[in-house]
Amino acid sequence: MKQPHDSKIGWQMVKRNLDKLNILTADKGYDWWLLRQRLRTEGVKPVIKHREFGWHGVANNFLQDDTIYHQRSNAESTFFALRRKYGEIVRARTWFGQFRELVLKCAVRNIELSVSHS
């Protein structure tokens, strides 16, 4: 496997916008103790589901605020719409190039939506 796990690149994704974040919601793919620790150090509340390998993960998931956690469905819906409209392939090779490509897809989607509602 050449690509790092989502939990390992999670920090790389959020560190650019730490000054704008108060809460970060993510699924179990981002369950990594160091990511949680870094977020807390920066004053960001991590709302990340724990992988349930034992009672510890189950208990932590039970204690999480479900209303905050389920806000991530807004982002998931946007990702689904982008994949359906523009395809799943990202052509850039570098991480930053892929990020820019996704931001451009989001911008184009927002423009299309604003034009169609006018």
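Each reported figure results from applying straightforward, stated rules to the coordinates on display, with no laboratory input. If you're wondering where the values come from, they're calculated on a predicted model, not measured in any experiment. Glycine gets a Cβ as well: all are built from the backbone with ideal geometry, and neighbour counts include every protein chain shown.
Around the Cα centre of segment 1-70, unit charges on the Cβ atoms of Lys, Arg, Asp and Glu (plus for the first two, minus for the last two) sum to a dipole of about 340 debye. About its Cα centre, the chain has a charge dipole of approximately 480 debye under the convention of +1 per Lys or Arg Cβ and -1 per Asp or Glu Cβ, with nothing else charged. Across the options Thr41, Leu104, Thr67, the greatest Cα extent toward the positive end of the charge dipole of the chain (unit charges at beta carbon of Lys, Arg, Asp, Glu) belongs to Leu104.
What fraction of the Cα pairs in the chain, stated in percent, has a spacing above 21 angstrom? Beyond 21 Å sits 49 percent of the P(r) for the chain.
Please give the net charge around Tyr86, taking every other residue with its beta carbon less than 10 angstrom from that of Tyr86, where Lys and Arg add +1 and Asp and Glu add -1. With Lys, Arg at +1 and Asp, Glu at -1, the neighbours total +3.
Between Asp66 and Trp11, the contour length at 0.36 nm per residue exceeds the Cα-Cα span by 17.5 nm. Sorted ascending by nearby beta carbons within 10 Å, beginning with the fewest, His50, His117 become His117, His50. Between Ala92 and Asp19, the distance separating the two model label sites (each 7 Å from Cα on the Cα→Cβ line) works out to 2.1 nm. Taking the fewest neighbouring Cβ atoms within 10 Å as the starting point, the ordered list for Asp66, Asp31, Asp19 is Asp19, Asp66, Asp31. Put simply, the amide H of Ile48, placed in the peptide plane, has neighbours under 5 Å in Ala26, leaving out anything fewer than 5 places away on its chain. For the chain, the relative contact order comes to 17 percent (Cα pairs under 8 Å, sequence separation of at least 6). Note on the chain: dipole from Cβ charges, positive end direction compared against Ala81, Thr94, Ala26; the farthest Cα belongs to Thr94.
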